[in-house]
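Undergrad: Let me begin by handing over the structure; questions about it come next.
The values are calculated or read from the model by the stated rules, or taken from the named source; none is laboratory data. Only a predicted model underlies this, so the values are computations on that prediction, with no experimental measurement involved. All Cβ positions, even for glycine, are placed from backbone atoms using ideal geometry, and neighbour counts span all protein chains on display. Ligands, DNA and RNA are stripped out before the accessible areas are found, and what is left, the full protein with its side chains, is counted by its heavy atoms. Shrake-Rupley method; radii C 1.70, N 1.55, O 1.52, S 1.80 Å.
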Amino acid sequence: QVQPVESGGGLVQPGGSLRLSCTASGRVLSSYVMAWFRQAPGKEREFVAGISRFGRTTPYADSVKGRFTISRDNAKNTVYLQMNSLKPEDTAVYYCAAAAAATITGHTSTRDYDYWGQGTQVTVSS
């Protein structure tokens, strides 16, 4: 019903910034709560940030609070993840996910999301 596609990943030095974009097609984006997950080598895929259908609620993982900001523009069918003060531990493949749910509350598991992008690599290194 919806196909997310990520972009904006790349190589950045510690302390730098990147903005990831996720464009979803197939249905009206406002029907879905959206989230960013990430997966580092050898680790489980983990929740990074989520956003409710109209952007009113934005939960974050403790590890990124104060550094990352999630936002959405439903008119452009796009969700963003602004990443500031990047650390080497932020290195991972970042995935955009969508769920046909009315609330983002409690939706922090990969099992809560039905639609996934292919991921974009973010590498933080000097």
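Undergrad: Residue by residue through the range 69-86, which ³J(HN,Hα) values in whole Hz follow from phi under the Karplus form 6.51 cos²θ - 1.76 cosθ + 1.60 (θ = phi - 60°), with glycine and proline marked x?
TA: Calculated HN-Hα couplings, in order: 9, 9, 8, 8, 10, 5, 5, 9, 6, 10, 10, 10, 10, 7, 10, 10, 6, 5 Hz.
Undergrad: Not counting ligands, DNA or RNA, and with a 1.4 Å probe, what is E89's accessible surface area in Å² rounded to the nearest 10?
TA: 130
Undergrad: Which percent of the accessible area of the chain is formed by carbon and sulfur heavy atoms (probe 1.4 angstrom)?
TA: Of all accessible area on the chain, carbon and sulfur atoms account for 44 percent.
Undergrad: Next question, about the same structure. When the solvent-accessible surface of protein heavy atoms is calculated with a 1.4 angstrom probe, in what order do R38, R56 fall, highest first?
TA: Order by accessible area, largest first: R56, R38.
Undergrad: Quickly work out the S31-to-S125 label distance, labels modelled 7 Å from Cα along the C-beta direction, and quote it in nm with one decimal.
TA: With each label point 7 Å from Cα toward Cβ, the separation is 4.2 nm.
Undergrad: For a quick check of understanding: with a 1.4 angstrom probe and all protein chains in place, what accessible area in square angstrom does R53 have, to the nearest ten?
TA: Approximately 80 Å² for this residue.
Undergrad: Here is a further query. By a straight-distance test (C-alpha under 15 Å), which aspartates and glutamates pair with K76 as possible cross-link partners, with residues fewer than eight away in the same chain excluded?
TA: E6
Undergrad: Could you give the semi-axes, largest first, of the ellipsoid that matches the chain, computed as the square roots of 5 times the alpha carbon gyration tensor eigenvalues and rounded to whole Å?
TA: 23, 14, 14
Undergrad: Turning to a different aspect of this structure: For D114, what accessible surface area do you get with a 1.4 Å probe? Give it in Å², rounded to 10.
TA: 110
Undergrad: Something else about it: Using 16 Å as the cut-off for backbone N distance, which residues of the range 42-79 belong to the label zone defined by a point 7 Å from the Cα of S85 along Cα→Cβ?
TA: Answer for this model: 60-70.
Undergrad: Something else: Can you return the lysines within cross-link range of K43? Criterion is Cα-Cα under 24 Å, with same-chain partners fewer than 8 residues away left out.
TA: Straight-line reach from K43, under 24 Å: K65, K87.
Undergrad: Using the heavy atoms of the protein chains alone and a 1.4 angstrom probe, what is the accessible area of the range 66-126 per residue in square angstrom?
TA: I get 48 Å² per residue for the range 66-126.
Undergrad: Then there's this: Between the DSSP loop rule and a limit of at most 10 other Cβ atoms within 10 Å, which chymotrypsin sites (Phe, Trp or Tyr not before Pro) in the range 47-78 are left? The partial results should precede the final answer.
TA: Working: sites: F47, F54, Y60, F68; in loops: F54.
In loop regions of the range 47-78 (DSSP not H, G, I, E or B), the sparsely surrounded chymotrypsin sites (Phe, Trp or Tyr not before Pro) are F54.
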